[in-house]
Amino acid sequence: MFKKMNLNDLLSSLDGWTAVEGREAIYKQFTFKDFDAAFAAMTKIADKAEQMDHHPEWFNVYNKLNVTLATHDANGVTSYDLELATFIDEVAAS
């Protein structure tokens, strides 16, 4: 089960993520070498999201991936967003 988190506390725990204007959510854009690298990262992220039953809002064009995270059931951000954001950062760094 997720734990509701304060948006500012969550952002202070993450590198490069920002608050989404007008809602309690976090956002980050990732740039990969090419489309294949972006798609491979999305596949890893999708597997983790499915395991967690916590799915990102995302948009991909070529080597760019825009990710927004929020926990809709909590109407804000939670420990699930922290866990998934940390995983996404790890995938993007590898």
(request) Just one of (1) assigned to a helix (DSSP H, G or I); (2) surrounded by 12 or more Cβ atoms within 10 Å (Cβ to Cβ); (3) of a type in the set (D, E) trips up D36, so point out which. (result) (2)
(request) Would you mind stating whether T68 is modelled with pLDDT of 95 or more and assigned to a helix (DSSP H, G or I)? (result) no
(request) Search segment 50-70 for residues being of a type in the set (A, V, I, L, M, F, W, C) and in contact (Cβ under 8 Å) with a residue 24 or more places away in the chain, and hand back the single one that is nearest to T31 (Cα to Cα). (result) L65
(message) Can you tell me which of (1) at pLDDT below 95; (2) touching a helix residue (DSSP H, G or I) at 6+ places or on another chain (Cβ under 7 Å) is the one N63 doesn't meet?
(response) (1)
(message) One residue is enough: does segment 45-55 have a residue meeting the conditions more than 12 Å from the chain's Cα centre (by Cα), at positive phi and of a type in the set (D, E)?
(response) yes
(request) Select from segment 55-77 the residues that are surrounded by 20 or more Cβ atoms within 10 Å (Cβ to Cβ) and either acidic (D, E) or in contact with a Phe, Trp or Tyr (Cβ under 7 Å, 6 or more places away or on another chain) (or both) and write down the one among them that is nearest to D15 (Cα to Cα). (result) V67
(request) Can you give me the number of residues within segment 1-30 that are in a loop (DSSP other than H, G, I, E, B), acidic (D, E) and over 13 Å from T68 (Cα atoms)? (result) 1
(message) Anything in segment 1-49 that is over 16 Å from A93 (Cβ atoms), of a type in the set (S, T, N, Q) and in contact with a strand residue (DSSP E or B) (Cβ under 7 Å, 6 or more places away or on another chain)? List them, or say none.
(response) T18
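The values are calculated or read from the model by the stated rules, or taken from the named source; none is laboratory data. Bear in mind that the values here come from a model prediction, so they are computed numbers and not experimental data. Note that each Cβ is placed from the backbone with ideal geometry, even for glycine, and that neighbours are counted across all protein chains shown.
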